[in-house]
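Undergrad: Mind looking over this structure? Questions follow.
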Amino acid sequence: MAMKFDVDRLVQRALKLRAGRLEGPQPEEGNIGVSFTTIGIDETKMELDKLGDFISSNTARVVANIIGDLLARSVPRTPIDTGELRESGRAFLQFGHTFIDVAKGKKDGSVTLNTARLPKSGLKNARFIRGNVSFTRESNGKDIAVFTHEYLNPYGSGTSPKARTPGTGPKYLENPWNENKESYLEYARREIAGKGMETIMQKYLHKRTKRVKGFTLNYTELAFGGDLVYRGKI
Amino acid sequence: MSTICNVVASYLETLSATQAICDALGDTLTFGTNLFIGGSEATETNIITIIPYGGSPPEIDNKRQNPSIQIESKTSSRHTGLNLQQALINTLHMNELNGNGKIRANQSMPIPLGVELGGRRMIYVSNYNIKHVKI
């Protein structure tokens, strides 16, 4: 935004006043008029709107990276028998009534990332952005996902659960979260409000110049096209 | 070597018969009889087992730790299991374990895991995070 003191207009007004040619209400003798022309308000408002969108998109990107990473750490630890439990692994974003898949688990322990761009339209009026990682698997009325996650005791059932191959086991989601939550919070702090945010914002800031009402307006445009894609790893 | 599981077990052993946990169980808790650590091969009904499962990393000063534990109950009825686990959550949440740390329940109600193979005992679990000075 720029605000200019319009000297030319002021001088013209003073000359007209002296020549008695000033139309409209006449100022009292001895007084002098001052006028301001403010330019850049429209551009400022437009950039502030974009800034809100940018903050929402950036926050969604950060949350997407965290949940994608968490799923990528969980799936290889998920017990495998038929592989359906691993394939049920899902990381998804929720903002308002919109759900966006970030990643899905695969039988081999890896994940498939949805590399599509985050939709700006759904984020525009979002009041919250929520990241979810979930597993769902039921069989014969038994909640396999919960049972394999929560049943820690290896004794008592008579047989060791078939699905517990070495390297896999219960708490396949909670343990990766517990082990990494401090890193995730630090990452979120850095990327949403710290250096990471500054760095990515710099990438999208461009200096612009244009003429407005006879003045030259220099301003900074936040130009991003919704390409704040997530990587799934942090 | 003692662990935080031993601290929790010792605390539970001190509870009187009228305390809510013992009242729900119908007995006081005795280590090796109806109270176990790590796992249990006991076939008796109405037992609880404290099982560690990692938790968050220790603090960088290496003086404080943030482990997680699960308390599993195997009971003769759903009613007993539910009441016992609810009493455990109510008693242990934000409990300072006689000055040895602070325990926080991760759930407000227990998680039912169904019936043990053979259909004899009902399994319920509840999970807890503990913050404590390294033992």
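Undergrad: Treating only the Cβ atoms of Lys and Arg (+1) and Asp and Glu (-1) as charged, compute the dipole magnitude of segment B:4-133 about its Cα centre; round to the nearest 20 debye.
TA: 260
Undergrad: Let me ask something additional. How would you rank A:71-80, A:178-187, highest first, on the average number of other Cβ atoms within 10 Å across their residues?
TA: Highest-to-lowest ranking by the protection proxy: A:71-80, A:178-187.
Undergrad: Counting Lys +1, Arg +1, Asp -1, Glu -1, what net charge surrounds B:G54 among other residues with beta carbon under 15 Å of its beta carbon?
TA: Summing Lys and Arg as +1 and Asp and Glu as -1 gives +1.
Undergrad: Taking the 0 to 90 degree range and rounding to the nearest ten, how far is the long axis of helix B:4-13 tilted relative to the main principal axis of chain B, both from C-alpha atoms?
TA: Taking Cα atoms only, the helix is inclined about 50 degrees.
Undergrad: Which pairs in the list A:K195/B:K131; A:K50/A:K207; A:K171/B:K102; A:K124/A:K203 are over 24 Å apart, alpha-carbon to alpha-carbon? Before the final figure, lay out each step's value.
TA: Numbers: A:K195/B:K131 31 Å; A:K50/A:K207 15 Å; A:K171/B:K102 22 Å; A:K124/A:K203 21 Å.
From A:K195/B:K131; A:K50/A:K207; A:K171/B:K102; A:K124/A:K203, over 24 Å: A:K195/B:K131.
Undergrad: Using helices alone, what [θ] at 222 nm do you get for chain B, with -39,500 (n - 2.57) per DSSP H run of 4 or more residues, divided over all residues and rounded to the nearest 500? Kindly include the intermediate steps, with their values, before the conclusion.
TA: Details: 3 runs with 31 residues, N = 135.
The helix contribution divided over chain B gives -7000 deg cm²/dmol.
Undergrad: Another one. List the residues whose amide H sits under 5 Å from the amide H of B:G114, counting only those 5 or more places along or on another chain, with H placed 1.01 Å from N in the peptide plane.
TA: B:I123
Undergrad: Could you name the aspartates and glutamates in cross-link range of B:K74, using Cα to Cα under 17 Å and dropping any fewer than eight places away on the same chain?
TA: Correct list for B:K74: A:E150, B:D23, B:D27, B:E41, B:E44, B:E116.
Undergrad: A follow-up question, please. Under the definition of partner shielding as Cβ atoms of other protein chains within 10 Å of a residue Cβ, what is the mean value for peptide A:144-152?
TA: Going residue by residue through A:144-152 and averaging, the value is 5.
Undergrad: Enumerate the calculated ³J(HN,Hα) couplings along segment B:61-73 in order (Karplus 6.51 cos²θ - 1.76 cosθ + 1.60, θ = phi - 60°), each rounded to whole Hz, writing x wherever the residue is Gly or Pro.
TA: After applying 6.51 cos²θ - 1.76 cosθ + 1.60, I find 6, 6, 10, 10, 10, 10, x, 10, 10, 10, 10, 9, 10 Hz.
Undergrad: For segment B:66-135, which trypsin sites (Lys or Arg not before Pro) are both in a DSSP coil and crowded by at most 12 other Cβ atoms within 10 Å?
TA: Those that pass, being in a loop and sparsely packed, are B:R120, B:K134.
Undergrad: Sticking with this one: Take the Cβ-Cβ distance between A:T209 and A:N125 as r, set R0 to 45 Å, and report the resulting FRET efficiency rounded to the nearest 0.05.
TA: 0.90
Undergrad: Can you order the peptides B:4-15, B:23-34 by their average number of other Cβ atoms within 10 Å per residue, highest first? Show your work: numbers first, answer last.
TA: Numbers: B:4-15: 17.8, B:23-34: 16.0.
Highest mean packing first, the order is B:4-15, B:23-34.
Undergrad: Which residues' amide hydrogens lie under 5 Å from the amide hydrogen of B:T3, considering only partners 5 or more residues apart or on another chain, with H built in the peptide plane?
TA: Amide H to amide H, under 5 Å and 5 or more residues apart or across chains, B:T3 pairs with nothing.
Undergrad: What does the average come to when, for each residue of peptide B:49-59, you count the partner chain Cβ atoms lying within 10 Å of its Cβ?
TA: Per residue, the number of nearby Cβ atoms from other chains is 4 on average.
Undergrad: How large is ³J(HN,Hα) for each residue in segment B:106-120, as worked out from phi by the Karplus curve 6.51 cos²θ - 1.76 cosθ + 1.60 (θ = phi - 60°), to whole Hz, x for Gly and Pro?
TA: Computed from phi, the couplings for segment B:106-120 are 8, 10, 8, 9, x, 9, x, 10, x, 9, 4, 3, x, x, 9 Hz.
Undergrad: Further, regarding this structure: Using square roots of five times the C-alpha gyration tensor eigenvalues, list the equivalent-ellipsoid semi-axes of segment B:4-133 in whole Å, biggest first.
TA: Numbers: eigenvalues 122, 48, 34 Å².
The three semi-axes for segment B:4-133 are 25, 15, 13 Å.
Undergrad: Using alpha carbons only, what's the Rg to Rh ratio of segment A:41-222 with Rh from Kirkwood?
TA: Ratio of gyration radius to Kirkwood radius: 1.16.
Undergrad: Something else: How far is the Cα center of segment B:1-15 from the Cα center of segment A:165-200, in Å?
TA: Segment B:1-15 and segment A:165-200 have Cα centres separated by 31 Å.
Undergrad: Report, by chain and number, residues whose modeled amide H sits under 5 Å from the one on B:N95, excluding near sequence neighbours (fewer than 5 apart, same chain).
TA: Long-range HN contacts for B:N95: B:I103.
Undergrad: Can you find, among B:G81, B:N46, B:P112, the residue sitting farthest towards the positive end of the charge dipole of chain B, where Lys and Arg contribute +1 and Asp and Glu -1 at Cβ?
TA: B:P112
Values quoted throughout were computed directly from the atomic coordinates according to the rules given, and no laboratory measurement underlies them. All values derive from a computational prediction rather than experimental measurement. Here the Cβ is made from the backbone with ideal geometry for all residues, glycine too, and neighbour counts use every protein chain on show.
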